[in-house]
Amino acid sequence: MTLKAKEIYVNLPVKDLDKSVEFFTNLGFEFHPEMMDENATCMIVGENIFVMLLIEPFFKTFTKKELADSTKNTEVIVALSADSRQSVDDIVNKALEAGGKASNDVMDDEYMYAWSFQDLDGHLWEVIAMSESNDLNKSEA
């Protein structure tokens, strides 16, 4: 039997929850109103995909490991799909206008178009538009 999760929750530590919520709201994301307090919030990324933004002291209660300084080290790259090249550009440009930093140059090849940014805490986000011939969901149809 193949393991398939019904939902995915990515947990990211943040320094200032209010500023992070404002940043991601500017990109167009919404937050689950019942999963929000002074320590954490649940950002809705997709139908079954969520990013939990947790203030650093609260995040530390879930691990015995030291937190990486995401402005200097990379532990994960969160990659999001977009419907088109224009959508990729729109999302990244909104991130840059909201205080994010550019990460890598645009990647444009026959399979995908991608551009990335760093959020306010230095976490890496890559936004990707795949060509139709490389759509991974086609095999599930």
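The values are calculated or read from the model by the stated rules, or taken from the named source; none is laboratory data. Only a predicted model underlies this, so the values are computations on that prediction, with no experimental measurement involved. Note: ideal-geometry Cβ built from the backbone for every residue, glycine included; neighbour counts use all protein chains shown.
For this structure, a couple of remarks:
- Residue in segment 100-114 that is out of contact with any Cys (no Cβ under 9 Å at 6 or more places or on another chain), surrounded by fewer than 15 Cβ atoms within 10 Å (Cβ to Cβ), among the hydrophobic types (A, V, I, L, M, F, W, C) and within 25 Å of residue 9 (Cβ to Cβ) present: no
- When the test is whether a residue is in contact with a strand residue (DSSP E or B) (Cβ under 6 Å, 6 or more places away or on another chain), among the β-branched types (Val, Ile, Thr) and in contact (Cβ under 8 Å) with a residue 24 or more places away in the chain, residue 106 does not pass it.
- Residues satisfying the stated conditions in segment 64-86, i.e. exposed (fewer than 15 other Cβ atoms within 10 Å of the Cβ), touching a residue at least 40 places away in the same chain (Cβ under 8 Å) and not aliphatic (A, V, I, L, M): 69, 71, 72, 74, 83, 84
- Note on segment 26-48: residues that are within 24 Å of residue 99 (Cα to Cα) and either hydrophobic (A, V, I, L, M, F, W, C) or in contact (Cβ under 8 Å) with a residue 12 or more places away in the chain (or both) total 16.
Each row is one residue, and each column tells you yes or no for (1) assigned to a strand (DSSP E or B); (2) surrounded by 14 or more Cβ atoms within 10 Å (Cβ to Cβ); (3) at pLDDT below 95.
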position	(1), (2), (3)
4	no, no, yes
12	yes, yes, no
23	no, yes, no
53	yes, yes, no
58	no, yes, no
61	no, no, no
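- Some residue of segment 38-47 being of a type in the set (D, E, K, R), farther than 28 Å from residue 93 by Cβ and touching a helix residue (DSSP H, G or I) at 6+ places or on another chain (Cβ under 9 Å): yes
- Cβ-Cβ distances below 7 Å connect no pair with a first residue in segment 1-25 that is at positive phi, a second residue that is among the β-branched types (Val, Ile, Thr) and in a loop (DSSP other than H, G, I, E, B), and a separation of six or more residues or different chains.
- Taken over segment 1-23, the criterion of being within 20 Å of residue 79 (Cβ to Cβ) and touching a helix residue (DSSP H, G or I) at 6+ places or on another chain (Cβ under 9 Å) is satisfied by 11, 12, 13, 14, 23.
- Among the residues of segment 25-51, those identified as of a type in the set (Asp, Glu) and in a strand (DSSP E or B) are 30, 34.
- For residue 35: the one exception among (1) modelled with pLDDT under 95; (2) closer than 21 Å to residue 122 by Cβ; (3) surrounded by fewer than 17 Cβ atoms within 10 Å (Cβ to Cβ): (2)
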